[in-house]
Amino acid sequence: MTHLPPSVIDLLKARKLETSEARYFMSHSDMTFENDSAADGEDGVTVIMTIYHTGKVLFDAIDSVLCEPRVTQFILIDNGSSDKTQVKLRDLAAAYSHILLVQGQGNIGFARAANLGAHLANQPWLVFLNPDARLQPQCVPNLIAAAKDAPSPCVVGARVLNPDLSEQRGARRGEVTPVTTLLSLTRLSQIAPFLRRFEIHREFDDLPLSPYPVATISGACFCMAKRDFALLKGFDSGFFLHVEDVDLCWRAREMGGVVLFHPSAEVVHEGHTSRAEPMFVEWNKGKGLAHYFHKRAKGKGLWRRAYVWALVPLILGVSVLRAMTRARLREDEDDFPAE
């Protein structure tokens with residue numbers, strides 16, 4: 001991390017990125033908002049991207065951010081990349097004054113990395129973008145415009161597209177529960193019509209004409225005011241990979257805010273580009289779901305807790321079975337041509 005300004009290095013060392021991260025984030029909120037002029041109508045945007053052995057598509061995603069004129073600051077949190085990719089990221093950071101690159105902390109998980117990016121952000125609007133997702137024209141300004149007019153705290157999710165430009169599963173969803181999760185993971189509702197009433201994915205519904213409320217959006221691309229993110233204490237760092245976006249949406253709604261799906265803010269998401277072991281990915285997804293359901297069951301009575309305890313092992317089992325059917329992707333991070 002020697003390429004970082006000394007103040008940033010000191011900040012990273014001081015925080016240590018432990019489980020007290022959310023409390024640290026809130027206790028320093030005055031510092032975070034010292035130059036925050038969101039209330040004055042300014043529209044500066046920080047894009048936060050967490051990287052972990054993403055593959056060649058990473059630099060297409062980065063280029064899409066660099067082409068967006070509304071982005072004032074671009075924070076790259078590198079949780080793990082090949083040596084050649086790390087060098088290319090450092091070259092980019094040296095070439096663009098608005099890029100802040102954080103490397104050397106190891107794989108601290110998505111939630112902690114994203115919280116770190118939010119804490120380092122110096123703009124009033126935050127856009128979280130996956131490293132395999134490409135911003136489309138007007139995506140960022142459309143997200144911000146919707147968030148400005150919504151109750152606080154507000155989460156605005158983009159319309160996530162597959163590479164063939166069809167809408168991707170997960171960008172607009174209903175309530176995520178143990179039952180709906182099992183049906184989603186197994187796709188049983190596709191072969192058993194009587195189970196379709198539990199289907200929470202809405203990608204085949206008619207596209208609305210304007211942003212509209214949903215229970216859950218996709219973490220592949222979404223926008224929040226920095227003040228709202230701090231109000232929610234950021235992501236719950238108890239999640240390592242996956243489900244932290246579902247939890248954030250739930251907490252925003254519990255606090256009286258709103259979650260919006262924006263039909264005209266589009267991003268093309270490659271998906272399944274990580275070179276991580278499928279078992280690592282699926283196991284952490286299963287653990288994240290278990291953590292989320294146990295959180296929601298607290299204080300809800302014995303029956304609710306028993307229901308969660310009964311279904312969580314099934315969810316973990318299905319996650320493991322899914323991992324066993326997926327092959328690890330070939331390492332291609334070093335395949336891009338040298339400049």
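Looking at region 182-264, the accessible area is 45 square angstrom per residue; that uses a 1.4 Å probe and ignores ligands, DNA and RNA. Of the cross-linked pairs K226/K287; K148/K226; K226/K300; K233/K295, those separated by over 20 Å at the C-alpha level are K226/K287; K226/K300. The order of the peptides 116-123, 250-257, 48-55, 89-96 by mean Cβ neighbours within 10 Å, most packed first, is 48-55, 116-123, 250-257, 89-96. Bridge orientation summary for region 127-275: considering DSSP beta bridges with both residues in this region, about 65 percent are antiparallel.
Farthest toward the positive end of the dipole of region 146-246, out of V179, S237, P211, is the Cα of S237, where the dipole comes from beta carbon charges about the Cα centre. Computed over region 82-156, the quotient of the alpha carbon radius of gyration and 2.2 N^0.38 Å is 1.30.
Scanning residues 5 or more positions from R159 or on other chains, those with amide H under 5 Å from its amide H are H262, A265, E266, V267, with H placed 1.01 Å from N in the peptide plane. Amide H contacts of T216 (H built 1.01 Å from N, in plane; Pro and chain starts excluded): R173 sit under 5 Å, all sequence-distant by 5 or more or on other chains.
The values are calculated or read from the model by the stated rules, or taken from the named source; none is laboratory data. Just so it is clear, the model here is predicted, and its values are computed rather than measured. Ideal geometry is used to build each Cβ from the backbone, glycine not excepted, and the neighbour counts take in all protein chains shown. In case anyone asks, the SASA skips ligands and DNA or RNA and just uses the protein heavy atoms, side chains included. Shrake-Rupley method; radii C 1.70, N 1.55, O 1.52, S 1.80 Å.
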